[in-house]
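Computed from the coordinates by the stated procedures, all read-outs in this text should not be read as laboratory data. Model, not experiment: these values are computed from the prediction. Methodologically, a virtual Cβ is constructed for each residue, glycine included, from the backbone with ideal geometry; neighbour enumeration extends over all protein chains shown.
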Amino acid sequence: MSWEEFRESARALGAAAAQKINDVTDIAAARVRLATVEYQLKNAYTAFGKAAYLHFTSDVSTPEELATQVRQIALLEAEAAELRKTFGI
């Protein structure tokens with residue numbers, strides 16, 4: 001093996017390692033984003049539950065607020081599903 005072949009082989013290995021590091025970093029970032037979205041989703045469900053309880057137990061009617069919260073939950077669910085699908089997590 002010549003010096004040029006060795007150097008080219010080392011470059012190829014370095015490039016493959018760098019790509020693998022980028023892939024792992026992307027997946028780690030996606031996991032953090034998914035955890036954040038799931039936390040936001042938990043809070044959105046809690047807020048919806050409180051608003052629904054008030055809607056049905058008090059004289060205050062909040063159908064617009066409930067509809068807004070349902071849309072927010074749907075957006076967060078879709079974002080979480082997309083992250084899981086894209087990154088296989």
Candidates 71, 31, 11: whichever shows maximal mean-square fluctuation once the chain is modelled as a Gaussian network with Cα springs under 10 Å
11
Can you list the aspartates and glutamates whose alpha carbon sits under 13 Å from that of residue 85, skipping same-chain ones fewer than 8 residues off?
77
Normalising by the residue count of the range 3-87, find the relative contact order in percent from Cα pairs under 8 Å and 6+ residues apart.
35 percent
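Nearest 0.05, what FRET efficiency do residue 9 and residue 55 give at R0 = 41 Å with Cβ-Cβ as r?
Numbers: r = 68 Å, r/R0 = 1.65.
Given R0 = 41 Å and the Cβ-Cβ separation, E is 0.05.
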Identify which of the listed values of Rg and Dmax of the Cα atoms in Å was calculated from the structure shown: (1) 24.5, 79; (2) 20.7, 74; (3) 23.6, 85.
(3)
Given Cβ charges of +1 for Lys and Arg and -1 for Asp and Glu, the option among 39, 57, 10 whose Cα lies farthest towards the positive end of the dipole of the range 4-58 is 57
Among 23, 59, which comes first, second and so on when ranked by fewest other beta-carbon atoms within 10 Å?
59, 23
Between residue 16 and residue 36, what is the label-to-label distance in nm when each label sits 7 Å out along the Cα-to-Cβ direction?
3.4 nm
